[in-house]
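The structure's right below; bear with me while I get my questions together.
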Amino acid sequence: MENENRMDKNKSKGSNVTKEDFLSRRNVFKRSAKRNIFYLIFAIPALAYVIGLAIIPAITVVYDSFIGKHGFTIANYLALPSYGLYGAIINTLLVSVGALMIQLFIALAIAMVLIKPFKGKKAFSTLVIIPLGISTVVSAFVFSIIFQAVGGYANSALVSIGLKPVDWFNTNSSSLGVVMFSDFWKNTPLVALILYGGLSSLPPTLYEAASVDGAGAVSRFIHITLPNIAPIMSIALLVRGVSEFNIFALPLVIIGYHPLIMNTLIFENYSSLQTRNISYAAATILLAIIMVYSVIVVRLGGAKDHVR
């Protein structure tokens, strides 16, 4: 009986909404809708940019990758192995994952150093940031000179300590190593700055409380630093990972166009331009890899929760 009386009271309260209340709520809704539309107007240029230069071209490429001489087909994908698809996928993963891991560990070490006050901190931070101000083509040209087989600074250093010179661009493994090292030098500062921002946002009280409880430096790093900057690390991996999978200018300038020595999916796309739809198939596979990578990083790293 008591429950029935409560339900009757609730119904009576709901039914006692006056006309003034209804009009007031409607006016509030209209004002909020107008405000949202006003904000949306400012977002239209960015939305148009993304839709026009990213979404529509991506959909077009995926569609065209299934178009052949006789209409809709998967022949373009079946032809990719003859263009070195499997080697391109392996090289893409090696360059991307290898460079990312090196950048992440070194960048975290740099960020941990920068977060501490020390003499010469400004000079050190300036030296760290310098590679960001150098264009990819210029840095690639510099490293191509450093690793030249004849007259290169790397081989000169090896000869000076009694070692034999190395033909750095003669094999796939050494070429990958040069590209990864060059990419590490160019892009590690960006990852370091992202991680430095994450470390700066951590409250000092966490470390003070841990120190009072007797936690050492290693324990504080494992149990406080890493869990709290994991979302920031995933954002850095997401930003740099997408760029790594599309690496093109750096190996092209350093090594030149030698697909037999070092082939990646972006090179696969470039080399098959004469068979346009096959290049679309290679680009679609690269897009799929990037999407899978992004989902894994966001879910495992907690970037989605951090953005929220």
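The values are calculated or read from the model by the stated rules, or taken from the named source; none is laboratory data. All values reported here derive from a predicted model rather than from experimental measurement. Positions of Cβ are generated from backbone atoms using ideal geometry, with glycine treated the same way; all protein chains shown enter the neighbour counts.
Hey, can you tell me all the residues within the stretch 165-176 that are outside any helix (DSSP H, G or I) and within 12 Å of I254 (Cα to Cα)? It would help to see each step written out before you state the result.
Taking the stretch 165-176 and keeping what is outside any helix (DSSP H, G or I), we get 165-171.
Residues satisfying the conditions are W168, F169.
Kindly indicate which of L202, L163 is more than 19 Å from M101 (Cα to Cα), touching a Ser or Thr at 6+ places or on another chain (Cβ under 8 Å) and hydrophobic (A, V, I, L, M, F, W, C).
Values: L163 fails: touching a Ser or Thr at 6+ places or on another chain (Cβ under 8 Å).
Going through L202, L163 in turn, the sole match is L202.
Please determine, by comparing only the residues of the stretch 49-82 that are surrounded by 12 or more Cβ atoms within 10 Å (Cβ to Cβ) and among the small types (G, A, S), which one is farthest from the chain's Cα centre (by Cα).
My answer is G68.
Right, here's the next one. Could you please give the count of residues in the stretch 82-118 that are touching a residue at least 60 places away in the same chain (Cβ under 8 Å) and not in a helix (DSSP H, G or I)?
Final tally of qualifying residues: 2.
Another question, if that's okay. Of all residues being surrounded by fewer than 12 Cβ atoms within 10 Å (Cβ to Cβ) and among the small types (G, A, S) in the stretch 110-164, which is farthest from V253 (Cα to Cα)? Just the residue, please.
G120
While we're looking at this one, here's another question. Tell me yes or no: at least one residue of the stretch 190-203 is over 23 Å from I106 (Cβ atoms) and surrounded by fewer than 16 Cβ atoms within 10 Å (Cβ to Cβ).
Quick first cut of the stretch 190-203, residues over 23 Å from I106 (Cβ atoms) only: 203.
Among the residues that remain, those that are also surrounded by fewer than 16 Cβ atoms within 10 Å (Cβ to Cβ) are: 203.
Scanning the stretch 190-203 turns up at least one residue that is over 23 Å from I106 (Cβ atoms) and surrounded by fewer than 16 Cβ atoms within 10 Å (Cβ to Cβ).
Moving on. Take the stretch 204-245 and flag every residue that is crowded, with 17+ Cβ neighbours inside 10 Å and part of a loop (DSSP other than H, G, I, E, B).
none
Shifting gears a bit: Would you mind finding the one in L199, L158, L193 that is without any contact (Cβ under 8 Å) to a residue 40 or more places away in the chain, assigned by the TED database to the domain that holds P251, assigned to a helix (DSSP H, G or I) and closer than 26 Å to L127 by Cβ? Steps first, answer last, please.
Working: L199 fails: without any contact (Cβ under 8 Å) to a residue 40 or more places away in the chain; L193 fails: without any contact (Cβ under 8 Å) to a residue 40 or more places away in the chain.
Criteria check complete, one pass: L158.
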